[in-house]
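Notes follow once the structure below has been shown.
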Amino acid sequence: MLALYHNDMSACAQKVRIVLAEKGLEWESRHMNLRAAEQQQDWYMKLNKRAVVPTLIDGDTVVPESNVINEYLDERFPTPPLMPKDAFGRAQVRLWTKQLDEDIHDACIAILSFGIAFRHQYLAKGEAGKKMLEDIPNIFKRERRRDVIDKGIDSAHFRIAVERMELLLTEMEQALSQHAWLVGDAYTIADAAFTPYIARLDHLNILGMTDGRPHVQDWYKRIMARPSFEGISKWENADYLKLMRGNGEQYWPKVQEIVRSLRAEKTARAA
């Protein structure tokens, strides 16, 4: 049987659970407590040297990295297919998911999450929180998070993250205005991969960032109606949701102010 090292509220874990659900696959849950730094333990880093979740175990095969895992699952279990049959269609899927690894995950949605909510967990842990931060292997991720943990939504990285999310939502709106799903008229790995990031805006109470983008909003409604959305909803952590939604409600006016400023700048440039 497949086994998955994952975390309930991890966006990367969520996208893999969605694909497992789309495929109708049974799997063994090996849940990791990220705030207890279980992912930084030596035994786990032998499986995943980047000290992140998820990690898929398929017999003697170990597959890390969520986007890689999802392609592996689609090739290993080809029914139902979640990649286009043609080479160009598959390339388009990869162009979408490539963005997640480049900057959407660590430099965008993680920064929004930390700036609004998760920084409070690190600060509350004191020295233990500082050690967790220092033990992050990726120096770029570590230093961005250090700044946003220290400064919250006043960090320069926070505004950059909002701007990057604005660009993504614009690109999604354009694509979805042309066809039902991100890559054509069939649901693919790309849709599964981006679901947690729009859901995170929802959880953070800043889904208002999708205002003026009716195709994105319709896509999200259809996504939530799919049975595979249980990859998120079934694992929702009430304490995390309270933290995210409560702080998100408080900070939404500031986020909205940044969004309006960015859109005004874009309009001025286009004039």
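The values are calculated or read from the model by the stated rules, or taken from the named source; none is laboratory data. Here the structure is a predicted model, which is why all the values come from computation and not from measurement. Every residue, glycine as well, gets a Cβ built from its backbone with ideal geometry; the counts of neighbours run over all protein chains shown. Quick note on the areas: whole protein, heavy atoms, side chains included, nothing else; ligands and nucleic acids left out. Shrake-Rupley method; radii C 1.70, N 1.55, O 1.52, S 1.80 Å.
Miscellaneous remarks
- Here the 3J(HN,Hα) profile of segment 54-59, calculated from phi with Karplus coefficients 6.51, -1.76 and 1.60 at θ = phi - 60°, is x, 9, 9, 10, 10, x Hz, Gly and Pro shown as x.
- Largest to smallest accessible area among Tyr44, Tyr187 [probe 1.4 Å]: Tyr187, Tyr44
- Full-extension gain in nm, Arg142 to Ala124, via 0.36 nm per residue minus C-alpha separation: 4.7 nm
- Compared with the direct C-alpha span, the chain from Asp211 to Lys98 gains 38.2 nm at full extension, assuming 0.36 nm per residue.
- Kyte-Doolittle mean at least -1.0, axial Cα span of 27 Å or more - DSSP H helices of the chain: 156-176, 238-270
- Zone residues, segment 227-247, relative to Ala180, backbone N less than 18 Å from point 7 Å out along Cα-to-Cβ: 227-229
- DSSP beta bridges in segment 2-108 [antiparallel fraction, %, rounded to 5]: 60
- Rounded to the nearest 0.05, the FRET efficiency derived from the C-beta distance between Ala3 and Arg269 at R0 = 51 Å is 0.55.
- Take the Cα of Thr170, step 7 Å toward its Cβ, do the same at Asp239, and the gap between the two points is 4.0 nm.
- Residue-span extension gain [Lys151 to Glu249] - 0.36 nm each, minus C-alpha spacing: 33.4 nm
- Long pairs among Lys130/Lys242; Lys125/Lys266; Lys46/Lys85, criterion Cα-Cα beyond 30 Å: Lys125/Lys266; Lys46/Lys85
- By average C-beta atoms within 10 angstrom, highest first, the peptides 257-263, 107-113: 107-113, 257-263
- Each peptide in 1-10, 34-43 receives the mean, over its residues, of other Cβ atoms within 10 Å, and ordering these scores from highest gives 1-10, 34-43.
- Projecting label points 7 angstrom from Cα along Cα→Cβ for Asp218 and Leu133 puts them 4.4 nm apart.
- DSSP-defined antiparallel bridges as percent of all bridges, the chain, nearest 5: 65
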